[in-house]
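Q: Here you go, one structure.
The values are calculated or read from the model by the stated rules, or taken from the named source; none is laboratory data. Please read all numbers here as calculations on a predicted model, not as lab measurements. Neighbour counts are summed over all protein chains in view; Cβ atoms, including those assigned to glycine, are modelled from backbone coordinates with ideal geometry. The protein model used for the area step is the full one, side chains on, heavy atoms only, and it has no ligands, DNA or RNA in it. Shrake-Rupley method; radii C 1.70, N 1.55, O 1.52, S 1.80 Å.
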Amino acid sequence: MSWNDITRTPADNLFSKYVRLRDRKCLRCGLKGGGDLGITGLQCSHFYGRRKQSVRFDLENADSLCPMCHKHFTEHKTEYEEWKLKRMGQKAYDLLLLRSNTTGKKDYKLQQMIWREMLKEDFNI
């Protein structure tokens, strides 16, 4: 099963928008996003895939990447792990791993409300 098989919810779309607005550039190569909001051409990459419900909407699990860097990290998981560890530091990296292995389903309606409010508060959108 590929990432294409996971249904994107409105909450996923709002979270992705928040992450791309937060970063406004590819965190690997530095390519800046375009468009009115400065996020066109960027993708929200989940270090632990969206199937990991416990970190699906965790800001430390998400990075803005251009399509080429996103593809590169998807194909080179070890390199992604090294890059992520260097960015986060060992303690935060280990805590993210622990969070990724907890169980529980997300309330998508609640997540949608949270990320809509976060976009308003932090970016006036």
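Q: Using only alpha carbon pairs under 8 Å that are at least six residues apart, calculate the relative contact order of the chain and give it in whole percent.
A: 29 percent
Q: So what are the radius of gyration and Dmax for the Cα set of the chain, in Å?
A: For the chain, the Cα radius of gyration and maximum Cα-Cα distance read 14.2, 38 Å.
Q: Given a Förster distance of 25 angstrom, what is the FRET efficiency for M113 paired with R87, based on the Cβ-Cβ distance and rounded to 0.05?
A: FRET efficiency, M113 to R87: 0.30.
Q: Can I ask one more? Using only helices, what value at 222 nm comes out for the chain when you add -39,500 (n - 2.57) per DSSP H run of length 4 or more and divide by the total residues, to the nearest 500 deg cm²/dmol?
A: The helix-only estimate for the chain comes to -15500 deg cm²/dmol at 222 nm.
Q: Give me the number: length gained by fully extending L37 to T74, i.e. 0.36 nm times residue separation minus the C-alpha to C-alpha distance, one decimal in nm.
A: 10.7 nm
Q: If you count only protein heavy atoms with a 1.4 Å probe, what accessible area per residue comes out for the chain, rounded to a whole Å²?
A: For the chain, the solvent-accessible area averages 61 Å² per residue.
Q: Once label points are set 7 Å from the Cα along Cα→Cβ at both R99 and D58, what is their separation, rounded to one decimal in nm?
A: 0.5 nm
Q: Something else now. Which percent of the accessible area of the chain is formed by carbon and sulfur heavy atoms (probe 1.4 angstrom)?
A: Result for the chain: 54 percent of the exposed heavy-atom area is carbon or sulfur.
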